[in-house]
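As structure tokens, the structure follows; a few thoughts come after it.
No value in this document is a laboratory result; all are computed from the given coordinates. Keep in mind that this is a model prediction, so the values were computed, not measured. Backbone-built Cβ (ideal geometry, glycine too); neighbour counts: all protein chains shown.
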Amino acid sequence: MDATMGKLSLEEQNLILHDCLSGNACLADTLSQKGLTYDNLRYISYTDSVPRKVNYQSIEEVERFEPAIPAVSFFTGGGGLDIGFEYAGFINLASIEYNKIFCDTLRMNNPDRIIIGPPDFSGDISDREGLYDILTRVVGVSPDFEGVFHGGPPCQSFSIAANQRFGKSDENFKRKGFDDPEKGELLFDYLWFISQFRPKAFLIENVDGIEDCDADGRIRESLCQLSSLGYTIYPPFIVNAAVYGVPQNRMRWLIIGSRGTKTVDMPKPNNYLSACHGVFDRPLHDVENHITREHTAESISRYMQLHYGNRDKLGRVDRLNPYLPSKTVIAGGSKGGGRSHLHPETPRTLSVRECARLQTFPDSYVFAGATARQFTQVGNAVPPLLAYKFSLALKAAI
């Protein structure tokens, strides 16, 4: 696809930007009056000499299996793990989530599923006795559960990127790890539920930096305790989602445990990185969550100067290179506005839907809440395609 199709000439664009800057006019209004959108704007530079290999596969294109194995989702968030397991043939009996807006998303997309979270429940996994009662009494989960537990405890306490949003003088700049009073212990709460219900298999997902925070070996000790209950615990997998078909560089830490004699054969990575151009070659007609930001003329004047992969230092946003995986889709702060990278072919930030495609969410999956909170849900999620491939490995073993 020609990246410059439908674009203004540089002369026309510079004239519009000049008029807005000199007259202090709103760029969004000016474009609308001319029958234009931000997608008609252009960068100065493009590279069309590199052939585009189509190796992008959306979650909608994979083989979807009939539901057969029960599963319970912990720290469900926006539902990335749930989708991957569902496509692989698992029945998600219940999703446990603390955030009300995330629960709104889960209920909107899964009206028949039990969502253990606000407003009906607290969704607080640290309330071990209360949640144990809900799982047994409401969901029907019992010890020696003939299914799978999966979940990704909140990773902000262990994430380099999440903490470096703050200035070096800010107390949040350094990773708090397990010392985080709000989130640092949640991993061990999850492991407690595994020990109590003893599912046939479990999956734990987090950022790859979590082991740096385990200097005293608490994770190793807890996993050894699970081994004494009959689990085979596989060594931690540090994976880049981009070698499993996800068009995004995203490093994750995965732990898998299974109860039984059958070996879990982990999915084999591709011998290439999935480029992100396939996401942006797809049309965006009639999709939800595709509202783009109305940038100022000043911002567009800076963005349009960037080459592939370059960063606008003032706005701290990067122009994606379509021939490489996207940079990691980020969640933004829990109190501030969500933000995203710059589109590779149009000098604007990505919409929630475009970020969701980089994460391999299906277009039919809709996110609730304000736009900033939609970005948070997408950025915090496990890519459904990555979840799908590892859940298939678990399915084959149990």
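Points worth noting:
- Listed by chain and number, the aspartates and glutamates placed with their C-alpha closer than 16 angstrom to that of residue 313 are 298; residues fewer than eight positions away on the same chain are left out.
- Among the listed pairs 7/327; 200/327; 268/327, a Cα-Cα separation exceeding 31 Å is found for 200/327.
- Panel note: the C-alpha atoms of the chain, placed on their principal axes, show extents of 70, 44, 40 Å (largest first).
- Protection proxy ranking of 63-69, 314-320 - average other beta-carbon atoms within 10 Å, highest first: 314-320, 63-69
- Pairwise FRET efficiency - residue 221 versus residue 287, Cβ, R0 = 41 Å, nearest 0.05: 0.30
- The percentage of C-alpha pairs in segment 302-398 whose separation is greater than 23 Å is 32%.
- Spin-label model, residue 14/residue 128: points 7 Å from Cα along the beta carbon direction are separated by 6.7 nm.
- Segment residue 234..residue 33, full-extension length gain: 66.4 nm, with 0.36 nm per residue of separation and the alpha-carbon distance subtracted.
- Judged by the mean number of other Cβ atoms found within 10 Å, the most tightly packed of the peptides 253-264, 122-133, 200-211, 3-14 leads the ranking 200-211, 253-264, 122-133, 3-14.
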